[in-house]
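Visitor: Before we start, here is the structure in question, set down as structure tokens.
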Amino acid sequence: MMNKKFIKGIAILSTVGFLGTAIAPATSAFAQEKVSQSVSYQTPMSKQEMDKIIQETAKDILETTPRVVVKEPAQLEAQGFVSLGSKLMKYFGKGYVKKELPKKMYSKFPDILKEKLSEEKWLTLWNGIILLGPLEEIRETVTKALEPYVWGWVAKTCGYIVEGIVYAII
């Protein structure tokens, strides 16, 4: 006569063994998906992918963000120097340009950048370096600001995305 605990133990082990073989392929597929995602980080985005991101983001910004009209022209703009910040704030207001716009841009960056650079750090770079730079050099400013954190092609991709969004909304 077999012990009830022994029979119960065999039933549990056989169930676990069955579930283990049933779950293993799913776990393997999940692991494979993660590997394929990490491999895709190493390949640059195509120009078409970046253009699509830019067009969709600019459209979203222009449709959802109220325009602010600044009554007085910026003195620096009259002298020929136009910073990115002054140009954007003229259309969208200071609060939006310093907080919401950079968050929308950050959400469109490649995941590999988000792993290396937090949103808070991006906001610091955006407000402390990028907004102060000249409008004409936006791509280079963003690229140089991000190069210490990620591969050069990722930084250039982000520079292209930011430049495209800015020019599309202005």
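Visitor: Taking the condition assigned to a helix (DSSP H, G or I), on the phi < 0 side of the Ramachandran plot and open to solvent by 70 Å² or more (accessible area, probe 1.4 Å), does K98 pass?
Guide: No, not satisfied.
Visitor: Restricting region 59-95 to residues that are closer than 26 Å to A155 by Cβ and not in a helix (DSSP H, G or I), which is modelled with the highest pLDDT?
Guide: The selected residue is S83.
Visitor: Here is a follow-up. If you go through region 123-132 one residue at a time, how many are part of a helix (DSSP H, G or I) and touching a residue at least 12 places away in the same chain (Cβ under 8 Å)?
Guide: Total meeting the criteria: 6.
Visitor: I'm trying to understand the selection: among the residues of region 94-129, which are among the acidic types (D, E) and closer than 22 Å to A58 by Cβ?
Guide: Scanning region 94-129 gives E100, D111, E119.
Visitor: Checking the condition at negative phi, assigned to a helix (DSSP H, G or I), surrounded by fewer than 17 Cβ atoms within 10 Å (Cβ to Cβ) and modelled with pLDDT of 95 or more, which residue from E136, E120, E115 passes?
Guide: Answer to the check: E120.
Visitor: Going by the conditions given, is I169 β-branched (V, I, T) and open to solvent by less than 10 Å² (accessible area, probe 1.4 Å)?
Guide: yes
The values are calculated or read from the model by the stated rules, or taken from the named source; none is laboratory data. Quantities reported herein were computed from a predicted structural model and do not represent experimental measurements. Positions of Cβ are generated from backbone atoms using ideal geometry, with glycine treated the same way; all protein chains shown enter the neighbour counts. Accessible surface areas use protein heavy atoms only, side chains included; no ligands, DNA or RNA. Shrake-Rupley method; radii C 1.70, N 1.55, O 1.52, S 1.80 Å.
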